[in-house]
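Worksheet for the structure shown next.
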Amino acid sequence: MSAQARIPALASRLGTASALTATVLAGSAFLPAMTADAEAATVSHKALKVAAGKKGAPYKYGAAGPHRFDCSGLTLYSFKKAGKKLPRTAAAQYNKTRHLSAGSRKAGDLVFFHSGRNVYHVGIYAGHNKIWHAPKPGKSVRLEKIWTKKVWYGRVR
C-alpha cells in the first residue's frame with residue numbers, strides 16, 4: 001500500500017477519534033451546569049447508600065451518628081455525608097424539602113410519616129415501597145416496607 005493510500009485511511013480514523021473527543025468534551029461542558037433535579041438525584045443516591053451502610057446501627061433518641069441514630073438523625077447524617085445540610089427534626093426536614101406526590105417519588109427521596117398535620121417519623125425511600133430508617137428504641141437501622149398510606153414525600157434540594 002502506498003503512502004498516498006494510507007493518508008485517507010489515517011485521516012478517516014483521526015476524524016472518528018476527533019469526533020469522539022469532541023463529543024466527550026462537549027458533554028463535559030454541561031456538567032457544571034447540571035440541573036437541580038440531576039444534582040438532587042446524585043445527592044439523594046449518595047445519601048441512600050450512606051443510610052444503607054448504617055444497617056444494624058442501634059436506635060438512640062436524639063442521636064445523629066455515626067454509630068447510633070434516631071429517625072431524623074439518620075436522614076440528617078446521610079444527607080450531610082452526601083453534601084447537603086438538613087434541619088434536625090423530621091418536621092423541619094419536611095418543611096425544607098420540595099414536596100412530591102407518591103407517583104413522583106424516587107429512591108433517595110425522604111418519606112415523612114404523619115398524623116393529621118404533624119410529621120412524626122422520617123426515612124429515606126429505597127424503591128419498591130421500602131425505606132431505610134431508624135425505627136424506635138430497641139430496634140436498629142433497617143430496610144422496611146412502608147406500613148401506612150399516611151405518608152408525604154419530599155426531595156432534598
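Worth pointing out:
- Helices (runs of 4 or more DSSP H) wholly inside the range 34-140 that include at least 3 residues being over 17 Å from the mean Cα position of the chain (by Cα): 90-96
- Qualifying positions in the range 55-78 - among the charged types (D, E, K, R) and surrounded by fewer than 17 Cβ atoms within 10 Å (Cβ to Cβ): K55, K60
- Options A40, A52, A29: the member that is of a type in the set (A, V, I, L, M), open to solvent by less than 40 Å² (accessible area, probe 1.4 Å) and modelled with pLDDT under 95: A40
- Listed by first and then second residue, the pairs linking a residue in the range 86-104 that is in contact (Cβ under 8 Å) with a residue 24 or more places away in the chain to a residue that is of a type outside the set (V, I, T) and exposed (fewer than 13 other Cβ atoms within 10 Å of the Cβ), with Cβ atoms under 6 Å apart and 6 or more places separating them unless they lie on different chains, are R98/R157.
- The number of residues in the range 132-157 that are modelled with pLDDT of 95 or more and over 18 Å from A64 (Cβ atoms) comes to 14.
- Scan the range 122-157 for residues that are among the polar types (S, T, N, Q) and surrounded by 12 or more Cβ atoms within 10 Å (Cβ to Cβ) and the total you get is 2.
- Positions within the range 90-115 being in contact with a strand residue (DSSP E or B) (Cβ under 8 Å, 6 or more places away or on another chain) and of a type in the set (S, T, N, Q), in sequence order: Q93, T97, S101, S104
- Filter result for S140 (more than 23 Å from G53 (Cβ to Cβ) and among the hydroxyl-bearing types (S, T, Y)): no
The values are calculated or read from the model by the stated rules, or taken from the named source; none is laboratory data. Everything numeric here is computed off the predicted structure, so don't read it as measured data. A quick note on method: Cβ atoms are made from the backbone with ideal geometry, for glycine too, and the neighbour counts reach across all protein chains shown. Please note that ligands, DNA and RNA were not included when accessible areas were found on the heavy atoms of the full protein model with its side chains. Shrake-Rupley method; radii C 1.70, N 1.55, O 1.52, S 1.80 Å.
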